[in-house]
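See structure below.
What follows draws every value from the coordinates through simple rules; no lab data is involved. This is a predicted model, so every value here is computed, not measured. We place every Cβ from the backbone using ideal geometry, glycine too, and count neighbours over all the protein chains shown.
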Amino acid sequence: MTEYLAEHQELVQMGIEWGTRLLGAILILIAGWVIGNFFKKRFMGLTKLDETLRSFLGGFIKYSVLIVSIVTVIGLFGIPMASLLAVMGAAGLAIGLALQGTLANVASGVMLLILRPFKVGDFIAFGAQMGTVKTLGLFGTELATIDNLYIFAPNSAIWGTEIINYSRNTQRRQDIPVGISYSDDINKAMKVLQDVLDKEERLIRTGDKEPIIKVIAMADFSINMIVRVWTKTSDYFDVQWDLNKAIKEAFDKNGITIPFPTRTVEVIGGNEDAAKAA
C-alpha cells in the first residue's frame, strides 16, 4: 500500500510540475502577445515619427517580442539551448530555402523603409497596380485603389519593379489638347483660351511655370493646340476637369468649333453609274 501511494505521489508531483510549466508557458505566450501589441500601439502613437516608420517598427517590435516569448517557453521545459540553437540553425536553413519569397519580402520591406520611395498616404503605381499606401509592413504593403478596393502587395513585388510616386512632388504639369476647325481664327481661339486661363486662380504662374498656349500640328481634320499649365499636385484632377469644361463653354460662346473626324471621298470620272457605285 505504501509503495502504491509512493508511486502515485510521484506521478502527482510530476503532473503538478509539468502542469505548472504548461501554465507558465501559456502565461508567457499571452504576456508576449499583450506586450508585443502594447509596444506596437505605442509606436503607432508616436506622432514625432513618420507614419511609415511607425507602421514598420511597430510590426517589427511585436514579432520580436513574440520570438523572445517562444524561446523563453522552450527554455522553461528544460530543453538545452545549445542543442536547441543547433536544431534551430538547421531548421532555419531549411525554412529559409523553403520560404525564400517570404524572406525576400522582409528584405524588400527593409529596403523600402531605408530608401523611402514612398510613405503612407502617397499615391503610387507599380507594375499594373496603383493606389494610396495605407501601411508598410514586414511582409507586404496595403493600398487602396481610387475606387477604394483593397490591395495587399508583397514587398518584393513592389521593390522588384519601377515605382511611380504621384504624390512626392508638390507641383505637377499637365497638357490639355485642344482642336479647332481649319475655318476658325487661330488668334481668336488662342485669346479665348488665354481668357479661360486668366480666370483660373489655381494655376502656378511663377518662373518657367507660366501657362502657355501653342499650336502643335495641322492634323487631318483640325488645327491641334496644346494648353500647358502647372498646378499643385492636390489640384491636378480638379483643374483638369474644370478647364476642359470651361474651354468647351468658352468656344461655344465665341463660335469656335471643335471638329469631328471627317473624310473627303473624291470620285474621278464623269460616269454617273460609277459615281453611284462609289
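A Förster radius of 25 Å combined with the Cβ-Cβ distance from Thr206 to Ile164 puts the calculated FRET efficiency at roughly 0.45. Residue-normalised convex hull volume from the C-alpha trace of region 117-165: 65 Å³ per residue. In terms of surrounding Cβ atoms within a 10 Å radius of their Cβ, Ser108, Ser183 rank from fewest to most as Ser183, Ser108. Annotation: average projected area of region 171-253 is 5.4 square nanometres, based on the convex hull of Cα atoms across all directions.
Computed over Cα pairs, the Kirkwood radius of region 124-230 leads via Stokes-Einstein (1.567 mPa s, 4 °C) to a diffusion coefficient of 75 µm² per second. Pairs over the 27 Å Cα-Cα cut-off, from the set Lys214/Lys253; Lys134/Lys245; Lys188/Lys232; Lys214/Lys248; Lys41/Lys232; Lys209/Lys245: Lys134/Lys245; Lys188/Lys232; Lys41/Lys232. In this rough spin-label picture, where each label sits 7 Å from Cα along the Cβ direction, the Ile16-Ser181 distance is 10.4 nm.
Taking each residue as 0.36 nm, the span from Ile258 to Ala217 lengthens on full extension beyond its C-alpha to C-alpha distance by 13.3 nm.
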